[in-house]
Structure formats: structure tokens, C-alpha cells
Amino acid sequence: MSDLTRSDRPFEEKYKSSWSLAAESFRRFLILPLNQISFAITALLLFVALFAPWIAPFPFEQVNPSNGLDPPSWQHLMGTDQAGRDVFSRVLYGTQTSLLIGVVTVVCGMILGVFIGAVSGYFGGWVDEIVMRVVEVFMSVPGIILALALVSVLGPSLPSIILALSIRRITQFARVVRGSVLSVKSQDYITACHALGMNNLRIVFGHVLPNCLSPIIVLASVLLGNVILTESTLSFLGMGIQEPTPSWGTMIAKGNEFLTFAPWISLFPGGFLFLTMIAFNLLGDGVRDHLDPRGGSVL
Amino acid sequence: MDAMAAVLELKNLQTQFATRDGIVRAVDGVSYAVGQGETLGVVGESGCGKSVSSLSILRLIPDPPGKIVGGSVLFAGEDLTRVSEERIRAVRGNEISMIFQEPMTSLNPMMTIGKQISEPLTRHLGLSKKQAADRAQEMLALVQIPDTRKWLSGYPHEMSGGMRQRVMIAIALACDPKVLIADEPTTALDVTIQAQILQLIRELQEKMGTAVIMVTHDLGVIAEVADRVVVMYAGRKIEEASVKKLFARPRHPYTRGLMTAIPRLDKITNGDGLSKRLTEIPGVVPPLYDLPAGCAFADRCGYATDQCRIEKPVFEKKSPNHWAACWQELPG
């Protein structure tokens with residue numbers, strides 16, 4: 001935690017606007033070096049994704065067969081692929097697709113999954129039975145098969161890929177959240193909430209879910225990398241992002257056959273994926289510790 | 001309960017739990033009442049139904065497996081066992097409040113103290129956030145927490161058990177309730193803090209005129225704070241008296257047993273320096289799903305006769321302001 005403990009903070013807080021509170025909270029978040037690093041990488045990735053068309057030296061689909069499979073040079077910072085396309089430019093554009101798929105899928109899965117899991121765990125009884133059986137049906141089908149089936153029905157477009165990947169995330173979030181809701185709802189402070197006359201809505205969203213935050217954040221940061229990789233599997237099977245649009249996953253998968261003599265084709269997008277996962281995992285850990293009033297040290 | 005009008009009255013309340021072994025009659029026809037500004041002590045050992053009876057008042061028994069199957073809880077002309085879910089929520093924390101046993105786990109660890117005190121205020125009294133925060137600060141001062149401005153944005157884990165129990169009291173009293181139910185409020189605290197918390201409850205009760213139902217297994221607590229006492233055993237009320245009368249001459253052998261079981265510093269040795277065994281009540285409470293036909297205490301009672309084993313004792317007046325459910329006339 002920061003060098004300021006909670007109790008030394010300025011105490012006009014109850015009269016402060018929520019904006020200045022958020023700014024204050026963000027400033028405290030950035031005191032830890034690890035948080036600075038993860039935040040900087042994440043910000044850099046977002047910047048790259050947003051401004052790829054301006055940063056990239058070449059258009060991502062520009063082919064130049066005469067200098068295919070060129071190793072990294074000053075002209076092509078990350079070399080070229082078999083069609084002579086600039087790997088650096090494609091990685092930058094790929095950031096757009098991969099981050100979009102990763103973030104949107106995880107956020108969709110999180111919103112729906114958390115809601116379903118919370119309702120299921122909190123109310124229990126037959127609601128819980130039905131929801132969990134449905135979730136188990138989805139869990140029993142291997143994720144990639146489910147996604148393949150959905151994409152082949154809907155056609156391999158960005159929205160349908162996101163939809164196909166989201167469904168699995170919903171079930172994953174639902175199960176994890178249900179578990180923590182079950183343990184939190186039997187805590188004394190939830191009984192105390194009932195005794196204070198709060199309604200179920202207020203108890204679930206105001207008191208139960210904030211205490212389930214840790215597993216949700218951890219799962220989200222793990223799933224983000226997972227989703228980006230699953231998209232590459234879809235691409236490998238011809239049901240993912242279609243050429244020539246680049247995504248890290250497709251680039252890693254396509255570069256596979258040249259790995260022995262032109263490793264840069266897979267290596268650089270792989271490096272970016274690695275960096276992204278590290279950044280989001282660190283960010284997730286940091287956010288979790290930051291949101292825990294006990295400073296996260298108890299976990 | 002003769003002079004004062006009752007604020008809250010339980011009449012023949014029955015709460016049962018469905019378990020694998022059968023129906024557990026946790027509260028089996030219990031009646032008691034508490035008047036304005038009065039403190040009613042409810043005593044008994046673990047599992048005698050004292051907590052269940054107090055939770056039943058606000059319908060906080062988890063259903064299933066629990067259920068209030070009979071009787072009534074009369075409050076301000078209403079039977080709380082029958083009012084709508086919405087109405088009982090409006091009563092909870094507003095007109096009738098509760099304090100729980102475990103202050104260490106009864107506060108939400110993710111929320112500031114100030115917010116937790118404010119919540120019932122914005123909810124029940126419709127105060128704005130700022131008004132509620134001001135009132136929360138007043139409440140903290142009232143329960144004698146120093147540096148109230150600082151603690152408003154503090155978190156529960158920064159507080160000691162005693163301070164947390166003070167916060168619980170602040171939350172419970174924030175809406176100025178007519179009745180405060182304190183379910184073993186001092187059990188988890190060490191003795192010096194116990195005395196402080198009891199003193200605090202007492203002071204606030206005088207200041208606000210709240211009726212208090214003090215549920216405890218500790219006769220010491222009862223002697224300290226209660227005006228009137230109800231003793232429970234195996235889901236039933238077995239004795240009721242003013243606190244003076246009860247301690248002067250308990251009429252039920254169980255109450256008597258409880259009193260001799262209190263360890264006393266002046267009686268822990270035999271006079272020869274060797275320590276004496278603590279007194280106990282032999283036997284255990286019969287299972288609540290399989291109570292005997294007669295008095296539930298008969299098997300553990302030194303005075304029991306055949307009548308006790310066959311016929312349930314009637315709860316009757318033994319002397320003015322003193323009732324008990326026992327066939328025997330105990331020697332004074």
C-alpha cells in the first residue's frame with residue numbers, strides 16, 4: 001500500500017466530488033512502481049491500438065514478394081513475412097484487433113457472467129439449480145468446438161468471433177462468482193444488512209459483490225490472454241480473423257511453418273502478446289490490492 | 001409488564017426448523033414483552049432458543065429450513081409475523097434494530113465506517129448523503145469514538161473489537177429505534193471492554209428511551225443491565241421475574257443451577273488451598289426434535305418427581321412479579 005494509511009487521508013472526503021476522489025485514488029494507485037509499470041505498458045498498448053495507422057510505416061496489407069521473409073532491418077524493424085509484408089506494421093495493426101477481441105470478450109463475459117453468478121449464488125434454490133445446469137451444459141462442450149460451431153453458423157466476422165468467445169467466458173465468470181457469493185452471503189455482515197432493512201438488490205450489488213472482487217479481477221486478467229490465444233486457434237482453423245486483417249493470434253499461427261528459418265514472423269507478435277498478458281495480470285493484481293481496504297496483504 | 005405499556009410483545013411464538021432428524025422446535029410457544037425504556041434480559045444456555053426467538057422478531061430466520069409456524073409478534077399494533085416483506089424491511093434497522101455477537105465480522109470490510117452508518121439513514125429516513133454523513137459523525141461521537149472525522153472514512157479492519165461493537169451500536173441506533181435487540185453483544189469482547197459496552201448501551205438507552213432486549217448466556221450481564229429477566233430452556237420460557245427477585249430466589253431448579261454454576265472467586269478453594277471443581281448442571285439438553293412428554297429439564301433435575309416426567313409444568317405465578325414453570329415448590 002501507499003505510505004499514507006487510510007486513516008491519515010484528508011477527511012473532507014465526505015464533502016468531496018467523486019471526480020476529485022477518483023483522481024486522488026488514482027494518484028495513490030500510481031505510488032507503487034509495479035503499478036506504474038503495468039499502467040504504462042497498458043497505456044502504451046492502447047496508444048498503439050488507437051494510432052496504428054499513423055505509427056505504422058507500411059499499410060498492413062502491402063505485399064512485396066521480392067523481399068519476402070527478410071530478417072529485421074532498419075527498413076523493416078521486425079522483418080517481413082512470406083508475402084513480404086512488414087511484420088512491424090502488422091503487429092501494430094494486430095494490436096487493434098487482438099485488444100479489441102480480448103477486452104470486449106472479457107468485459108461482455110464479465111458483465112453477464114457476474115450477474116448470472118451473483119443471482120444464482122445469492123438466491124439459490126431452483127434458480128441456482130437451473131442456471132448451474134445450463135452452465136454445466138456449456139462447460140461440457142470444449143470451448144474451441146463451441147466457438148467453431150458458432151462462428152461457422154454466424155460467419156467469421158469480428159462481432160461473431162467476439163460473441164462466440166464470450167459465451168464460454170460467461171460460464172466461467174458465472175461459476176467463479178457463484179462460488180464466492182455463496183461464501184460471502186453467509187457472512188455476519190450480510191445478516192447485519194438484512195437486519196438493517198436493505199433489499200436484496202442493494203445487498204447483492206452493494207455488499208456481496210464488492211467482497212467478491214478479488215476472484216473476478218484475477219479471472220478477468222487471466223482470461224484476457226486466454227481469449228487472444230483462442231482467437232488464434234480459430235484463425236488457425238480458418239474460422240478466426242480473415243486475411244489480410246492481422247491479429248497477433250493469426251500472425252503467430254501463420255508464422256509457425258517458418259519458425260526454423262524466419263522466427264521473427266511469430267516471435268514479435270508473440271512478444272507483444274506476452275507483454276500484454278504480463279501487463280494486464282500485473283494491472284489486475286494492482287487494482288485488486290488497491291481496491292482492498294486492507295491493502296491486499298491479507299490475501 | 002404491569003405498569004408500562006408494552007412496545008414489543010411476543011405471544012406464544014413458535015419457530016421450527018426442518019432437519020433430517022425431524023422438526024426442531026427451537027422456539028416453542030414463547031411469550032415476552034418489553035416496555036419503553038426497559039431492559040429485558042433473555043437468558044439460557046446455547047441452543048435454548050433465545051437467539052432464534054430474537055431473530056424471529058425481525059423475521060431473520062433463514063427460510064428454509066426455518067419457519068415461524070405460530071404465535072405473533074406485536075409491534076405498534078401490527079403483527080410482524082404477518083406483515084408484507086416490504087413493511088418488515090421498513091421496520092428493520094429503523095424501528096427495531098439489532099446488534100450481533102461478533103463485532104469482528106459484522107461490519108462490511110470493503111466499506112468505510114461512515115458509509116455503513118449512513119446507509120440506514122439514507123434508506124429509512126431519506127436523508128441526503130451529506131446529512132447522513134453529518135449524522136453518522138454525531139453517532140460516532142455518541143458511542144464515544146474519539147476523532148470522529150478521521151473514523152468516518154476509516155475501515156473496520158483498522159478498529160479493535162470494542163470499537164467495532166461501538167460502531168455496530170451506532171449503526172443500530174442511527175435511526176432512533178424504539179426497540180434494540182442485542183444478541184450476545186459482549187460475548188466476543190474481553191471483560192473490561194464488556195463493561196464499557198454495557199455501560200454505553202445503558203447510557204444510550206436512558207438518553208433515547210429505547211427498549212432493549214438483551215439476549216445472553218451470561219447471568220453477570222443480566223445482573224448488570226436488565227430490569228426484568230426471562231429464562232429459557234429447550235425452546236420454552238421457564239421463568240420470568242424482576243432481576244432482583246430472580247437473583248434473590250430463583251423458582252426454577254434450572255435457574256438455580258445456572259446461578260450455582262457461576263464461578264466465584266471467594267469459593268474456588270476448599271479452604272485448604274486446593275481448588276474446588278466448578279459446579280455444573282449434570283446431563284445435557286434433550287434434543288429439540290425429541291422432547292420428553294413432561295418437563296424438559298426433569299432428567300437433569302434433583303427435585304424431579306413422577307409428575308414432572310409425565311406432565312408438562314404450567315407457567316404460573318409463584319409470587320408477585322415472579323412466574324415459573326415448575327411443579328415443585330423449591331425451598332427458599
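The values are calculated or read from the model by the stated rules, or taken from the named source; none is laboratory data. Quick caveat, the model's predicted, so the values are computed rather than measured. Neighbour counts run over all protein chains shown; Cβ positions are idealised from the backbone, glycine included.
Taken over segment B:86-125, the criterion of being within 23 Å of the chain's Cα centre (by Cα), within 7 Å of chain A (Cβ to nearest Cβ) and among the small types (Gly, Ala, Ser) is satisfied by B:Ala90, B:Gly93, B:Ser106.
Of all the listed residues (A:Ala83, A:Ala40), the sole one being assigned to a loop (DSSP other than H, G, I, E, B) and either without any contact (Cβ under 8 Å) to a residue 24 or more places away in the chain or not hydroxyl-bearing (Ser, Thr, Tyr) (or both) is A:Ala83.
For first residues located in segment B:290-305 and closer than 12 Å to B:Gly257 by Cα, partners that are loosely packed, with under 15 Cβ neighbours inside 10 Å and lie 6+ apart or on another chain with Cβ distances below 6 Å form the pairs B:Arg300/B:Pro282; B:Arg300/B:Gly283. Restricted to strands (runs of 3 or more DSSP E) entirely inside segment B:231-332, no element has at least 2 residues that are of a type in the set (Asp, Glu), modelled with pLDDT under 85 and in contact with a Pro (Cβ under 9 Å, 6 or more places away or on another chain). Restricting attention to segment A:240-256, does a residue exist that is surrounded by fewer than 23 Cβ atoms within 10 Å (Cβ to Cβ), part of a helix (DSSP H, G or I) and touching a residue at least 24 places away in the same chain (Cβ under 8 Å)? Yes, there is a match, as at least one residue in segment A:240-256 is surrounded by fewer than 23 Cβ atoms within 10 Å (Cβ to Cβ), part of a helix (DSSP H, G or I) and touching a residue at least 24 places away in the same chain (Cβ under 8 Å).
Each row is one residue, and each column tells you yes or no for (1) hydrophobic (A, V, I, L, M, F, W, C); (2) at pLDDT below 90; (3) out of contact with any Leu (no Cβ under 7 Å at 6 or more places or on another chain).
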{"site": "A:Ala56", "(1), (2), (3)": "yes, yes, no"}
{"site": "A:Pro72", "(1), (2), (3)": "no, yes, yes"}
{"site": "A:Gly79", "(1), (2), (3)": "no, yes, yes"}
{"site": "A:Gly84", "(1), (2), (3)": "no, yes, yes"}
{"site": "A:Phe88", "(1), (2), (3)": "yes, no, no"}
{"site": "A:Leu112", "(1), (2), (3)": "yes, no, yes"}
{"site": "A:Gly117", "(1), (2), (3)": "no, no, yes"}
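Residues that are in contact (Cβ under 8 Å) with a residue 40 or more places away in the chain, out of contact with any Pro (no Cβ under 6 Å at 6 or more places or on another chain) and surrounded by fewer than 21 Cβ atoms within 10 Å (Cβ to Cβ) within segment B:3-24 comprise B:Ala6, B:Glu9, B:Lys11, B:Asn12, B:Gln14, B:Thr19, B:Asp21, B:Gly22, B:Ile23, listed in sequence order.
Residues of segment A:259-297 that are within 14 Å of chain B (Cβ to nearest Cβ) and more than 17 Å from the chain's Cα centre (by Cα): A:Asp289, A:His290, A:Leu291, A:Asp292, A:Pro293, A:Arg294, A:Gly295, A:Gly296, A:Ser297. Listed by position, the helices (runs of 4 or more DSSP H) inside segment A:101-205 whose residues that are among the polar types (S, T, N, Q) and crowded, with 16+ Cβ neighbours inside 10 Å number at least 1 are A:158-185, A:188-195.
Taking segment B:144-199 as the range and being more than 12 Å from chain A (Cβ to nearest Cβ) and in contact with a Lys or Arg (Cβ under 8 Å, 6 or more places away or on another chain) as the test, the residues that pass are B:Gln144, B:Ile145, B:Ile197. Taking the conditions (1) buried (at least 20 other Cβ atoms within 10 Å of the Cβ); (2) within 11 Å of chain A (Cβ to nearest Cβ); (3) closer than 30 Å to B:Val43 by Cα in turn, B:Leu140 satisfies each one other than (2). Of all the listed residues (B:Glu86, B:Glu95), the sole one being in contact (Cβ under 8 Å) with a residue 24 or more places away in the chain and surrounded by fewer than 23 Cβ atoms within 10 Å (Cβ to Cβ) is B:Glu95.
All of (1) within 13 Å of chain B (Cβ to nearest Cβ); (2) without any contact (Cβ under 8 Å) to a residue 60 or more places away in the chain; (3) of a type in the set (A, V, I, L, M, F, W, C); (4) more than 30 Å from B:Ser51 (Cα to Cα) hold for A:Leu213 with one exception: (2). Any residue that is within 16 Å of B:Lys237 (Cα to Cα) and in contact with a Leu (Cβ under 8 Å, 6 or more places away or on another chain) - is there at least one of those in segment B:310-322? Yes: segment B:310-322 contains one or more residues that are within 16 Å of B:Lys237 (Cα to Cα) and in contact with a Leu (Cβ under 8 Å, 6 or more places away or on another chain).
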